[in-house]
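The values are calculated or read from the model by the stated rules, or taken from the named source; none is laboratory data. Every value quoted in this text rests on a predicted model; they were computed, and no experiment measured them. Ideal geometry is used to build each Cβ from the backbone, glycine not excepted, and the neighbour counts take in all protein chains shown. When the accessible area is computed, the model is the full protein with side chains, heavy atoms only, and any ligands, DNA or RNA have been set aside. Shrake-Rupley method; radii C 1.70, N 1.55, O 1.52, S 1.80 Å.
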Amino acid sequence: MSASTALEMQTIFRGAMSRFTTGVTIITTRTPDGPAGMTASAVASVSLDPLMLLVCVGNTLATRNAISDSGVFAVSVLSQGQEGHALRFASRCDDKFAGLGLRTDHDLPVLEDAVAHFACDVTEEFAGGDHTIFVGQVVSCGYSVDADPLVYFGGKFGSLCDLSSHAQLAYDWQLAASL
């Protein structure tokens, strides 16, 4: 494959992957210098027995080395309205954790308003091209039934659509308009 063809294929691949709706998470760990973290959408369940999930972390990111060194990581699934958290952790700002509420029941940094969270011990680490795939055994997790997740599609943040509530709103609007 020629260089221009490989570059074109990367562009097409990125566009195609952007059509895959994903949740938005913050991957965190602890270091001797304090917490480290990043935004990620490459998170997946691996196993129910034992409970395991995986995260993919870019090899050039400081969080990659921090997870490898600490042997632990947490995943905080963001809720609708937390786009600012996603953008902050996707940046290279100095203190990504400034002003954020963190849960106090974990020794890992876990966002307190997350839709769901997972604390994991790293069991395996694999090379995955320009990323590292960390497989973690879940040692603790939880979720909120009252929060809606933040989703990512086509390079934009969004939310789930509840068809029944939209149908009720449309009905109410039509009824009000006819009166």
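A compact table of results
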read-out: Residue match in segment 75-95 (condition: over 22 Å from ASP121 (Cβ atoms) and β-branched (Val, Ile, Thr)); value: no
read-out: Some residue of segment 73-96 being over 20 Å from ALA44 (Cα atoms) and touching a helix residue (DSSP H, G or I) at 6+ places or on another chain (Cβ under 7 Å); value: yes
read-out: Any hit, segment 14-30, residues being at pLDDT 95 or above, under 22 Å from GLY158 (Cα atoms), outside any strand (DSSP E or B) and open to solvent by less than 40 Å² (accessible area, probe 1.4 Å); value: yes
read-out: Residue match in segment 156-164 (condition: modelled with pLDDT under 95 and touching a Phe, Trp or Tyr at 6+ places or on another chain (Cβ under 8 Å)); value: yes
read-out: Of all residues in segment 84-143 being of a type in the set (Ser, Thr, Tyr) and not in a strand (DSSP E or B), the one that is least open to solvent (accessible area, probe 1.4 Å); value: SER91
read-out: Close pairs from segment 52-78: first buried (at least 16 other Cβ atoms within 10 Å of the Cβ), partner assigned to a strand (DSSP E or B) and among the acidic types (Asp, Glu), Cβ under 8 Å, at least 6 apart; value: VAL72/ASP121
read-out: Scope segment 111-144; condition aliphatic (A, V, I, L, M) and over 11 Å from VAL72 (Cβ atoms); matching residues; value: LEU111, ALA114, VAL115, ALA116, ALA127, ILE133, VAL135, VAL138
read-out: Residue, farthest from ASP94 (Cα to Cα), within segment 37-51, restricted to residues that are in contact (Cβ under 8 Å) with a residue 40 or more places away in the chain, open to solvent by less than 50 Å² (accessible area, probe 1.4 Å) and not polar (S, T, N, Q); value: ALA42
read-out: Pairs, first farther than 18 Å from SER68 by Cβ in segment 103-130, second open to solvent by less than 60 Å² (accessible area, probe 1.4 Å) and not in a strand (DSSP E or B), C-beta under 6 Å, six or more apart; value: ARG103/VAL110; GLU112/GLY101; VAL115/SER144; VAL115/ALA147; HIS117/VAL110
